[in-house]
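Working notes, beginning with the structure itself.
What follows is calculated from the coordinates using simple rules that are stated; it is not laboratory data. Note that the coordinates shown come from a computational prediction; the quantities given were computed from them, not determined experimentally. Here the Cβ positions follow ideal geometry from the backbone for every residue, glycine too, while neighbour counts run over all protein chains shown.
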Amino acid sequence: MSKLTKQDVLHVAKLAKITLTDAEVDKFTTQLSSIISYMDELNTVEISNIEPTTQTTGLSNVFRKDEINTDQVLSQDEALSGTEKTHNGYFKVDAILTERSDK
Amino acid sequence: MINNQIPLTIKETKEGLLKKKFSAVELVDQYLAQISKNKDLNAFITICEDEAYKKAKLIDSNLQDLSLLGVTVAHKDLYLTKGVRTTAASKVLESYIPQYSATVVDRMEKSGAITIGKANCDAWAHGASGENSDYGPTKNPWNKEYVPGGSSSGSAVSVAAGLSLVATGTDTGGSIRNPANFCGVVGLKPTYGAVSRYGVIAMASSLDSMGSLAHTVDDVETIFNVVKGPDGYDSTVVNPKHETRNTKKLKIGIPKEYFVDGMDKEVEKSVLETAKIFEKEGIELVNISLPNTKHAVSVYYIIQPAEVSSNLNRFDGIRLGNSRESFGAEAKRRIMLGTYVLSAGYYDAFYLKAQKVRSLIIKDFDSAFEKVDAILSPVMPTPAFKLGENVNDPLKMYLADIFTAPANLAGIPGLAIPSGFTKKGLPLGFQLLGSRFSEPVLFSLGKLYEKVTGFVPQIAK
């Protein structure tokens, strides 16, 4: 039977960029374990010669011309309207790199 | 004047306006009054009073014969509405104002529809009861102690309680058919790829289907004809090629796997009575088998959270919205579940296996539709349940998707239709499933059912 440990839950939360309280960690450990164990029933299905499905209407690649349709683009002001953190017409984000200290 | 009698079909609404029996402004007056009288249902997150009156005045000043003339619509709050706050019922988007409208919203407005408000729903469309909204649960208008179903909870309640004539919804694993069933209204989940998803906040991209709720089959058909077809934005949308089976006599399949132990007796009886009604009209009933139905919940709760975790990854609080701290419990649960099944070491055991079993579920339907024109089944295993009854047991709640999720996994259309009430006065209903792009077949069967049963639309009291 599949079971998730507390460490599994904390690892997954880190991958998913989700912060959990201690109570949530306990709750999700129990709940996700019960859901994952339920899915063990899929081990009874014979799937060795079956292709996986990702798309149901049989489409593969859909192409369009590499041209800009100005009716389909937002103006710079519109694109920035969802945030207050802007700088000179750009989104302002936290730095992800820091200056090297050994230089 | 309307005499406090709100028209309950698109046809009555349109004819009343064109013949000047009432004005669009009077209609909006009536619906807004009805909304304010029913605040306790918590059907709306945002009410579009100013926008609705503006549109109504425009309609009154230039009456045109449009398909949805004066039709008030509640858009599920996953549909982007230009200039009108769109939250997905999540605190992450509590102050998000879209810069553009969804294709469905746009096409409906161009056909004369009046957007009356943004309907409450389970946050990010995650739920089967309407209780997962960060803006509080919606209540069933037939009995306020019961859930309205979900995730398109506010949409179904809005139609059932007469707060709008029609509503939009999204159906990823049953989110239109389930609340339609619990609230006694008609709900259409179109074929995957029939209606553009552009401008609708994505839940699970291989399953999401944009549909509508109304009082009659005729009305969801009218809306479907307005919103369907390619829009140049959603590349999965195609013009349908549906070949009807080459037979004189229509056949409806009754899948034995959809009548299982533990399902509610009143639900079962009502669906079997519906089958008899079709049989009496000369339609042949055929016993069929969809053997992989029993795996649908496992497959669905692997593929769907996997896609959810990917789609919700973009909400980082940088370009719009609040930070990921604002996700509610159910969103966190699905993001975690999805991330787990996609993570290194588990991908083959869960995600890939689920995609393969998905192929088997599709094969079941494809073979069935070689023999029958439509499949008749229950929508939910029980009628509406009480608020709070299942909130602490997510697995139990997930299992209730057993009859709805297969249609999404296979990408086929489903039409939920009301068929009466339980002894306790809660709505009962059934669904018709068809092969890909067979919506016209489902509409004609649905209309036949309404005609022979003498169905008359009504507002929940």
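Using a cut-off of under 16 Å, list every residue of the range A:14-32 whose amide N is near the label point 7 Å from the Cα of residue B:349 along the Cα-to-beta-carbon line.
Residues A:32 fall inside that zone.
Work out, step by step, the length gained on full extension between residue A:95 and residue A:73: first 0.36 nm times the residue separation, then minus their alpha carbon distance; give nm to one decimal. Mind dumping the intermediate values first?
Numbers: separation 22, 0.36 × 22 = 7.92 nm, distance 2.76 nm.
Once the chain is fully extended between residue A:95 and residue A:73, it gains 5.2 nm.
Counting other beta carbons within 10 Å of each Cβ, put A:86, B:172, B:81, B:244 in order, fewest first.
On the way: A:86 14, B:172 27, B:81 24, B:244 11.
Exposure proxy ranking, most exposed first: B:244, A:86, B:81, B:172.
Of the trypsin sites (Lys or Arg not before Pro) in the range B:215-309, which ones lie in a loop per DSSP and count no more than 11 other C-beta atoms within 10 Å?
Numbers: sites: B:228, B:241, B:245, B:248, B:249, B:251, B:256, B:265, B:269, B:276, B:280, B:294; in loops: B:241, B:245, B:248, B:249.
Here the trypsin sites (Lys or Arg not before Pro) that fit, given the DSSP loop and packing criteria, are B:241, B:248, B:249.
Which loop-located GluC sites (Glu not before Pro) does the range A:52-102 contain, where loop means any DSSP state but H, G, I, E or B and the Cβ has at most 16 other Cβ atoms within 10 Å? Numbers along the way, then the final one.
Values: sites: A:67, A:78, A:84, A:99; in loops: A:67, A:84, A:99.
For GluC sites (Glu not before Pro) across the range A:52-102 that sit outside H, G, I, E and B with at most 16 neighbouring Cβ atoms in 10 Å, the list reads A:67, A:84, A:99.
Test of understanding: ordering B:346, B:258, B:79 by Cβ neighbours within 10 Å, fewest first, what list do you get? Write out the running numbers ahead of the final one.
On the way: B:346 18, B:258 24, B:79 30.
The fewest-first ordering by Cβ neighbours comes to B:346, B:258, B:79.
Would you pull out the residues with amide H under 5 Å of residue B:46's amide H, same chain only if 5 or more places away, H placed 1.01 Å from N?
Distant-sequence amide H within range of residue B:46: B:118.
When the C-alpha atoms of chain A are aligned to their principal axes, what extent does each axis show, in angstrom, from largest down?
Dimensions of chain A along the principal axes of its Cα atoms: 56, 47, 34 Å.
Would you mind pulling out the separation of the Cα centroids of the range A:1-15 and the range B:95-126, in Å?
37
Return the Rg/Rh value of the protein assembly as shown, two decimal places, where both radii are evaluated on C-alpha atoms and Rh is the Kirkwood radius.
On the way: Rg = 23.2 Å, Rh = 24.1 Å.
Radius of gyration relative to Kirkwood radius: 0.96.
Taking 7 Å along the Cα-to-C-beta vector as the label spot, tell me the residue B:21-residue B:459 distance in nanometres, rounded to one decimal.
Here the modelled spin labels are 1.5 nm apart.
Here are some pairs, B:21/B:251; B:110/B:269; A:27/B:363; B:356/B:396; which of them have Cα atoms lying more than 32 Å apart in this structure? Show your work: numbers first, answer last.
Details: B:21/B:251 43 Å; B:110/B:269 43 Å; A:27/B:363 37 Å; B:356/B:396 24 Å.
Violating the 32 Å Cα-Cα cut-off are B:21/B:251; B:110/B:269; A:27/B:363.
Which of the trypsin sites (Lys or Arg not before Pro) found in the range B:411-442 are loop residues per DSSP with 16 or fewer other Cβ atoms within 10 Å of their Cβ? Walk me through the intermediate numbers first.
Details: sites: B:423, B:424, B:436; in loops: B:423, B:424, B:436.
Answer by residue number: B:423, B:424.
For B:106, A:71, B:77, A:77, what ranking results if the residue with the fewest other Cβ atoms within 10 Å of its Cβ goes first?
Working: B:106 20, A:71 6, B:77 31, A:77 10.
With the fewest neighbours first, B:106, A:71, B:77, A:77 line up as A:71, A:77, B:106, B:77.
At a threshold of 8 angstrom on Cα-Cα distance, excluding pairs fewer than six apart, so keeping six or more, what relative contact order does chain B reach in percent?
On the way: 1081 pairs, mean separation 79.9, N = 461.
In percent, rounded to a whole number, it is 17.
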